[in-house]
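Read the structure below first, then the notes.
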Amino acid sequence: MSDAMDKQEAAAAWYRRYRSLRFKLALFVGVAALIFGAVMWFGKKVLSVAPASGVPLGECVRTESHIASLIQATDPHLPEISGRGGNTTTSVSILIIPLDGSEPKKILIAEGLTSNQFALAKILGSDGQVLWFDVNGIGGVDLKRMALLQPAEVRDPDVPKSAWPFAISADTYLSAGFIVAPGQWLGLHSAEDLGGEFAPKKFLRRVVSQPLRSARGDGIPVRRFYRGVLEAPVDEKYHRIISMDPLSNDAYFNAAFLRMDDDAEPIRLTDPDGALMIHTSEPGLKGTTVISRIDLDGRVIWSVDTAIDRFKLLQILPGKESFAFVGTRLPVPDKLSEPLVVIVDIESGETSTHSLWR
């Protein structure tokens, strides 16, 4: 009897030791997991490497009511000892800037992407209700809810296809002048222009583009307003120039009229009648992009400086009520130039400026 009790007591003691050991082992594993998790969290959240802000990815796109841009940012990651960056991934968001002046909204599209997953990312356009994009697959933003579509809501986007296979140059929206009335021309011309294609007896058409620089490539052209007298058109297309006379001595660097596309004359404004002019604030490397509204006598009604480097003006996005300009600020030594979207109301000249560092 005593031996049986001793055996039971020994078995019970062994079980207690086993249970205690198992508990300690489980506690050790749990604590180790917590420590490992804390180290990983600490490493990613505290010691991680990430840029201060996102940068634009591709071109901006204009819809009826917004300007949109993709924004890329490096995901938080541990420092790379090898320096190869093999473990870094990227997040892509979409920044939507309302044209009505309300606050922009940045919406995360995807994170943890490798470079080949977003190399061809772009905004496809809008059908009025959804802003469509292709970021490692087709997706969209409901413009009313300002939220990503759910997978079940995604379909083939019905958006206009651009006829341009490449990025549209800002020069596309620049014009040298326009016919203000039968037989009357209002133009922005340099002395070189007047000795060339705008000389008396030369022919011009209603739609004339304006080069960004002098034809000789010798710097920024200085242009003035000229009133031209034209003969009746030949074949309803070509007008012979009778004369070109300056309206004033006011000169503008790299000046041109703004238009909606390369097939259009400059946009016409009313009350008073006039147009929009784009020009450079000053010659040299510190010239910024200036937008001015002028009347048909070449008088400036208002003028606004966008702060965009004139020769880093990347996009012009025209519209019926406002024009948007995309480019970077003037360069600062040892710093990246800040990318901007500047929206200018064509009636009042009121502007809103938005950074694309997000």
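The values are calculated or read from the model by the stated rules, or taken from the named source; none is laboratory data. Just so you know, these numbers come straight off a predicted model, no measurement behind them. Every residue, glycine among them, receives a Cβ derived from its backbone with ideal geometry; neighbour counts consider all protein chains shown.
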Check your understanding: Checking ASP271 against (1) closer than 22 Å to SER322 by Cβ; (2) in contact (Cβ under 8 Å) with a residue 12 or more places away in the chain, which single condition isn't satisfied?
Key -> (2)
Review point. Does GLY112 satisfy the condition of being under 30 Å from GLU282 (Cβ atoms) and not aliphatic (A, V, I, L, M)?
Key: no
**Study point:** Which numbered condition GLY43 misses (of (1) at pLDDT 95 or above; (2) touching a Leu at 6+ places or on another chain (Cβ under 6 Å); (3) of a type outside the set (Lys, Arg))
**Key:** (1)
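Being over 29 Å from ARG329 (Cβ atoms) and part of a loop (DSSP other than H, G, I, E, B) is the requirement here; does GLY298 meet it? I'd like the intermediate steps shown before the answer.
Values: over 29 Å from ARG329 (Cβ atoms): yes; part of a loop (DSSP other than H, G, I, E, B): yes.
Taking the combined requirement at face value, the residue satisfies it.
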Revision key, fill the gap. In segment 247-288, anything under 30 Å from PRO331 (Cβ atoms) and in contact with a helix residue (DSSP H, G or I) (Cβ under 9 Å, 6 or more places away or on another chain) is listed as ALA256, LEU258, ARG259, ASP262, ILE278
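Could you tell me which of the residues ILE343, ILE308, ILE301 is assigned by TED's automatic domain parsing to the domain that holds PRO221, modelled with pLDDT of 95 or more, of a type in the set (A, V, I, L, M) and within 19 Å of GLU103 (Cα to Cα)?
Values: ILE308 fails: within 19 Å of GLU103 (Cα to Cα); ILE301 fails: within 19 Å of GLU103 (Cα to Cα).
Exactly one of ILE343, ILE308, ILE301 is assigned by TED's automatic domain parsing to the domain that holds PRO221, modelled with pLDDT of 95 or more, of a type in the set (A, V, I, L, M) and within 19 Å of GLU103 (Cα to Cα), namely ILE343.
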**Study point:** Residue among LEU340, LEU336, LEU356, LEU314 that alone is within 26 Å of VAL92 (Cβ to Cβ), hydrophobic (A, V, I, L, M, F, W, C) and free of Cβ contacts under 8 Å to residues at least 24 places away in the same chain
**Key:** LEU336
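If a residue must be within 22 Å of the chain's Cα centre (by Cα) and within 26 Å of ASN254 (Cα to Cα), how many such residues does segment 125-182 contain? Walk me through how you get there before you give the answer.
Let us first name the residues in segment 125-182 that are within 22 Å of the chain's Cα centre (by Cα), namely 125-144, 146-148, 157, 159-174.
Still in the running and within 26 Å of ASN254 (Cα to Cα): 164, 166-174.
Result for segment 125-182: 10.
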Check your understanding: Of all residues in segment 304-358, which are crowded, with 20+ Cβ neighbours inside 10 Å and not in a strand (DSSP E or B)?
Key -> LEU356
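Residue by residue, here is whether (1) part of a strand (DSSP E or B); (2) of a type outside the set (A, V, I, L, M); (3) free of Cβ contacts under 8 Å to residues at least 40 places away in the same chain; (4) closer than 22 Å to ILE242 by Cβ holds:
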{"position": "LYS106", "(1), (2), (3), (4)": "yes, yes, no, no"}
{"position": "ALA110", "(1), (2), (3), (4)": "yes, no, yes, no"}
{"position": "GLY128", "(1), (2), (3), (4)": "no, yes, no, no"}
{"position": "PHE133", "(1), (2), (3), (4)": "yes, yes, no, no"}
{"position": "VAL159", "(1), (2), (3), (4)": "no, no, yes, no"}
{"position": "ASP171", "(1), (2), (3), (4)": "no, yes, no, no"}
Point to revise | Of all residues in segment 52-68 being buried (at least 16 other Cβ atoms within 10 Å of the Cβ) and touching a Gly at 6+ places or on another chain (Cβ under 8 Å), the one that is modelled with the lowest pLDDT | key: THR63
